[in-house]
1. For residues that are of a type in the set (Val, Ile, Thr) and more than 17 Å from residue 510 (Cβ to Cβ), scanning just segment 536-588, find the one that is surrounded by the most Cβ atoms within 10 Å (Cβ to Cβ).
2. Only one of 408, 415, 435, 419 is crowded, with 18+ Cβ neighbours inside 10 Å, farther than 25 Å from residue 372 by Cβ and touching a residue at least 60 places away in the same chain (Cβ under 8 Å). Can you tell me which?
3. Quick check on segment 187-201. Is at least one of its residues surrounded by 15 or more Cβ atoms within 10 Å (Cβ to Cβ) and on the phi > 0 side of the Ramachandran plot?
4. Which numbered condition in (1) among the small types (Gly, Ala, Ser); (2) crowded, with 17+ Cβ neighbours inside 10 Å; (3) more than 29 Å from the chain's Cα centre (by Cα); (4) under 25 Å from residue 456 (Cα atoms) is the only one that residue 652 fails?
5. Please indicate, with yes or no, whether at least one residue in segment 338-348 is at pLDDT 95 or above, among the polar types (S, T, N, Q) and either touching a strand residue (DSSP E or B) at 6+ places or on another chain (Cβ under 7 Å) or farther than 30 Å from residue 178 by Cα (or both).
6. Do we find a residue being surrounded by fewer than 17 Cβ atoms within 10 Å (Cβ to Cβ), assigned by TED's automatic domain parsing to the domain that holds residue 369 and of a type in the set (A, V, I, L, M, F, W, C) anywhere in segment 284-297?
7. If I go through segment 594-610 residue by residue, how many of them are surrounded by fewer than 18 Cβ atoms within 10 Å (Cβ to Cβ) and either without any contact (Cβ under 8 Å) to a residue 12 or more places away in the chain or out of contact with any Lys or Arg (no Cβ under 7 Å at 6 or more places or on another chain) (or both)?
Amino acid sequence: MGRRRPGARHGGNHRCGGGKAAKRRSPTLAGTLRVLRPGMATVETAEGTFRVARRGLREAMNGDEVTVSVFPVRGDEKVALVQGVITRAQTTFLGRFEQAGPLGAVVPLDARLGRDFFVVPEDNSPVRLGVGEGDVVVARIVEYPTRNSAAVVTLERRVGSSDELDLNIESVIASYGLATEFPAAALAQAGSIRADVEGALERDCTRRDLRSLRCVTIDPVDARDFDDAVFATRLSGGGFELWVHIADVTHYVGWDTPIDHEAKRRTCSAYLVDRVLPMLPEHLCNDVCSLKPGEDRLTMSVHMKLDAAGNLISATAMNSAVRSTGRLDYDTVDNLLQGRVDASVLHDDSTDAVALEDALRTLDCIRGLRERIRQERGSIDFDTVEPKVVLDEEGHPTSVTVRTRTRATGLVEEAMLLANESVARMLADREVPCAYRVHERPSPEDLRATVRPLMELGLIGGNDQRDALIAGEPAAINAVLDAARGTTGEYLASALLLRAQKRAVYLPTNQGHYALGARAYCHFTSPIRRYPDELVHRALKALLAGALGSCEQENIASQLPQLCATCSQMERAADGAARDSQRIKMAELYADHVGEVFSGVVCGCERFGLFVMLDDTCAEGLLPARALGGEWLEYDEDRMTLIGEESGRVWGLGTRVRVVVTETDVPRGRIDFALANARGGER
């Protein structure tokens, strides 16, 4: 099996490398190792973040505190070479057990670990736990790898057989370092928590009792946790009154308690294709804190007044208690707004049904006004689609639903955006440290790279528009997107401009949100599933209570830089895991459609081929360059095209194609295509 037998020398923390070559590689720095995927890693040091050289990891593993030497390679770029391990981060991991002669071997489900681990013959843990070939186990590292010996583990727990578990999804979870179980202390704390709304109202005279006001939750039909409720009415003198109520998680979860510690570690819920890995224990997110219809719940509310044009006149935040009038879903609300159903679907009581319909139509009116206001002030909205694979009870894919922005999703989104922005302004105006959501303007260099292909598509009118685009003027970017909409250049324009954007992050100071055109922005509306929202809630409560200088707030402020960095990092991990889990099930779905022909559009272009998105499901797959005919293809990176040397045919973003599914690789989430006419037509 090609595995190396463990040697006699084993060690935990150790140093490796050295000699004259190491002395020439200066400086030597300490930092945290981040393995992004096999063969690609970075090390975060006080001097900055450096890419780890090829084969430069040595015996270090993801999360380890390491010493590295840093040296230049090309131009200003510097790369790092691991010299030693200071502290090990990984103590246990999930893996698949195999027999390797007299040894047992555990193959990590986390591909980033990059090596197999061994169970020595004298260790009876496989027999004691009843572990067989192919079983998934929790392994504890007892001896770390060195240059002269392999790593040794003992088995702590049998998780299940490969037939009982979806190993592909389990591998995704492990590879992104997502937590699946809560510590006993956090579960014990959660189990002792009760809603106790009446008691909270009695103890806090500043908490507003809003249970007599109507409000509704509007979520996907399969949602289980409801952390926001909304309602809107028209004012007699013109304008609107808008209420946004958000679950008051921090009333129940104190700072530095067991649940809080675990939430800091997870920082967000991960929504995978077949499960949710929640940030909070289920008793909180699905019961005590969830704004279930007809149940009294504690909230933080923002009461806003808007003029007839949708401009914000005032916003007031408060601790509150509400009782949701109804639980609505996006499909029902969309059907109502488009006249496909009447108000009777909203509530059994006709009076309440009419009131709810009026509120929904008012919210929809506010949506239209706020979208116009955001566009006028420079907000940039990219049109996106979100395919979701539907699974049966056994976890097998059956179909795909494609979610797009609708009037129902839009009216909730605009209410949340306005509440988030209002709270951010309250905090920023007082310079209160918290987790602000920051999006920087794209760099002129990145935007300049988009000019040439956009001009060739006729989407840039002249030098003035070109200069405005390079300067990152939102109006210029929106003008290009508007001009491209519905044309063959739509995909290319959107892809180029999206690629030029920076990623939004969390920072402890307000620096504005470029894409939203907002002077200040934060995440306030989803504390059940995002830890930054909890930080914002704590800051807002301290502001309302006049306790900004409290010991707790000073403690939080001191930890904010690291908390914001961790939240940004884990958000990327949760998003990546969600995408990969969808790709795996999409590939599993199309494994039953090999040989069938589908229509699609080219949505990506690389030297090695084209990425094609199918029309019906938005599934993406690779059409290799070798499948485009026998001629030599020239890759134009600026235009994102492949051009046939003999035929002159151009393959690029937006090109319509008919493809046949040739192969799927389910564990990797890959679908491969060939041109339909190159395979003898449809089957």
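1. Result: 584.
2. From the options 408, 415, 435, 419, the qualifying one is 435.
3. Yes - at least one qualifying residue is present in segment 187-201.
4. (3)
5. no
6. no
7. So the answer is 5.
Condition check ((1) over 30 Å from residue 334 (Cβ atoms); (2) of a type outside the set (Phe, Trp, Tyr); (3) in contact with a Gly (Cβ under 9 Å, 6 or more places away or on another chain); (4) assigned to a strand (DSSP E or B)) across all residues:
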site: 213; (1), (2), (3), (4): no, yes, no, no
site: 223; (1), (2), (3), (4): no, yes, no, no
site: 229; (1), (2), (3), (4): no, yes, no, yes
site: 233; (1), (2), (3), (4): no, yes, no, yes
site: 236; (1), (2), (3), (4): no, yes, no, no
site: 246; (1), (2), (3), (4): no, yes, no, yes
site: 259; (1), (2), (3), (4): yes, yes, no, no
site: 264; (1), (2), (3), (4): yes, yes, no, no
site: 284; (1), (2), (3), (4): yes, yes, no, no
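The values are calculated or read from the model by the stated rules, or taken from the named source; none is laboratory data. Quick caveat, the model's predicted, so the values are computed rather than measured. For neighbour counting, all protein chains shown are included, and Cβ atoms are generated from backbone atoms with ideal geometry for every residue, glycine included.
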